[in-house]
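Here the structure is laid out as structure tokens; the discussion comes afterwards.
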Amino acid sequence: MRPTPSPKTYRVKSFGCQMNVYDGDRMAEVLAEQGIAPAPEGEEADLVVLNTCHIREKAAEKVYSDIGRLRREDGSSPLIAVAGCVAQAEGEEIMARAPAVRMVVGPQAYHRLPEMLAEAGQGKRVTDTDMPAETKFGALPQRRRSGPSAFLTVQEGCDKFCTYCVVPYTRGAEVSRPFSALLEEAQKLLEAGAKEITLLGQNVNAWTGEDAKGRVIGLDGLIRELAGLPDLKRIRYTTSHPNDMTDGLIAAHGEIDKLMPYLHLPVQAGNDRVLKAMNRSHTVESYLRILDRVRAVRPDIALSGDFIVGFPGETEAEFEDTLKLVDSVGYAQAFSFKYSPRPGTPAATMDSQVPAEAMDERLQRLQAALNRDQLAFNRKSVGKHCEILVERKGKHPGQWLGKSPWLQSVHFADEPGGEAAIGDIVTVELAEAGPNSLRGTLLQPAHA
Ligand code: 5AD
Ligand code: SF4
């Protein structure tokens, strides 16, 4: 391939989970350090990074169609880099099938983007899907920009090997980032304007490290330390595994005011045989006991979860157990998916894959139940005076969008005598509830 001039502008398109959003932001920072600017809205970028997700079906097809869409009328393309979990899992195929792709960069290798860009500039096509033992984080530039709500990856990878899941293969083994690096990154984010930090990890509650005194601590210890930072107003964490809900972490929900009353604790299914086949290593009963204990220390906690319908062999009766579980928990929010066979995972080759129509029907019934509960949860908030972290402007001047402590999206408008601003924590009276958001009236502007 011919050498190409260095790109002047970039665009990072992230798909999938919050960890990808975090990675996408960090890639943008790496590119900005190279003097490459974000492409203005609506204009073609010289360099496009497709930060992909491999968790469910059609991920690879989506990447190929996105690549196709970047092609110009004369058949040429901008410089394309494929990053993220599809890059990790199918990097070679992508290079073989899509000549327009010049770089394939796995989730553990994106700190190497500058060298890769230099090689691509010489006309080479470059792949880096290594998972080096020393982490990429030390090689990334410092955080300089942040909105009011920031993500901070504290842990990556997974050793649990649920039989349906591709994460242990694409993100590698569980690794915790060191405490001192996290404290430093948190401080930088606060200096850059963050008010809330969501600690991220595929198994975030498996995080472990040593505090400044050399004591071994878990995620609850990290949360306690972060709660001591005066400028940090809110702490969240996601996503957690039932087996790593330690006594300390459960207690933290009752003790640390800055830890928001929200827990995302995936269960996946409501039947013990299915859970065993999924290699989930918890039962319905043990899961419910954890929720009871969290509710005992934090009665107003909003619960959230992930569900898979149509895991191989799941019978109608077993699926109905999931509906029963949903009825008994009353989730405030949830994510539900049709089972999708992932190449290389044990479940993909299990007998009795569930037919597509049955999966569709089960997903519809499950989502109807979850939506019902989500609306009920939001309706219970009506009338409350609630602290809202203002995250964005609304559609019209003077309108704002923010989040309640329970992670509900709340719309409100400025009132005579009081104006909100991005990053403020304001008091809003919640007046109206829909399934996905609430509307309220500003009572008191900033006391952040
Ligand atoms: N099929 C469907 N859903 C899946 N998830 C993970 N792997 C699969 C799969 N193969 C869901 C799980 C997990 C969430 C991130 O994605 O519910 O918690
Ligand atoms: Fe996947 Fe299970 Fe690990 Fe979650 S715990 S990332 S579902 S293997």
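Rule-based calculations on the coordinates, nothing more; no lab input. Every value quoted in this text rests on a predicted model; they were computed, and no experiment measured them. We place every Cβ from the backbone using ideal geometry, glycine too, and count neighbours over all the protein chains shown.
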Distance cut-off 15 Å, percentage of C-alpha pairs in the stretch 385-444 lying past it: 35 percent
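Calculate the FRET efficiency for Met350 and Glu210 from the Cβ-Cβ distance with a Förster distance of 41 Å, rounded to the nearest 0.05.
Step by step, r from the Cβ atoms, then E = 0.50.
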Longest site-free stretch - the chain; sites: trypsin sites (Lys or Arg not before Pro), DSSP loop, at most 11 other Cβ within 10 Å: 216-394
Order of Cys53, Cys85 - criterion: other Cβ atoms within 10 Å of each residue's Cβ, fewest first: Cys53, Cys85
Surface/4 estimate of mean projected area, convex hull on alpha-carbon atoms of the chain, nm²: 22.4 nm²
Relative contact order %, the chain, counting alpha carbon pairs below 8 Å whose residues are six or more apart: 10 percent
Kirkwood hydrodynamic radius (C-alpha pairs) into Stokes-Einstein, the stretch 276-380, 4 °C and 1.567 mPa s, D in µm²/s: 87 µm²/s
Relative contact order %, the stretch 385-444, counting alpha carbon pairs below 8 Å whose residues are six or more apart: 35 percent
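Please give the net charge around Glu210, taking every other residue with its beta carbon less than 13 angstrom from that of Glu210, where Lys and Arg add +1 and Asp and Glu add -1.
Cβ neighbours under 13 Å give a net charge of +1.
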Global form of the stretch 74-138, assessed from the alpha-carbon gyration tensor, a/c cut-off 1.5: oblate
No Cys partner within the rule (Cβ under 4.7 Å), the chain: Cys17, Cys53, Cys85, Cys158, Cys386
Extension gain, Ser328 back to Glu361 (0.36 nm per residue minus Cα-Cα distance, nm): 9.8 nm
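Taking the inverse of the average 1/r across all pairs of different Cα atoms in the stretch 142-380, what Kirkwood radius in Å do you get?
Averaging 1/r across every pair of different Cα atoms and inverting gives 18.9 Å.
Over the chain, what is the percentage of antiparallel beta bridges among all DSSP beta bridges, to the nearest 5? Provide the component values of the computation, followed by the final result.
Values: 26 of 72 bridges.
Within the chain, antiparallel bridges account for around 35 percent of the total.
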Sparse-neighbourhood loop sites, GluC sites (Glu not before Pro) in the stretch 9-71 - DSSP loop, at most 12 other Cβ within 10 angstrom: Glu41, Glu43
Normalised contact order of the stretch 142-380, rounded percent, pairs of Cα under 8 Å and 6 or more residues apart: 17 percent
Cα centroid of the stretch 32-67 to Cα centroid of the stretch 371-448, whole Å: 32 Å
Fraction in percent of alpha-carbon pairs per bin - 10 Å, the stretch 9-128: 14, 51, 33, 2
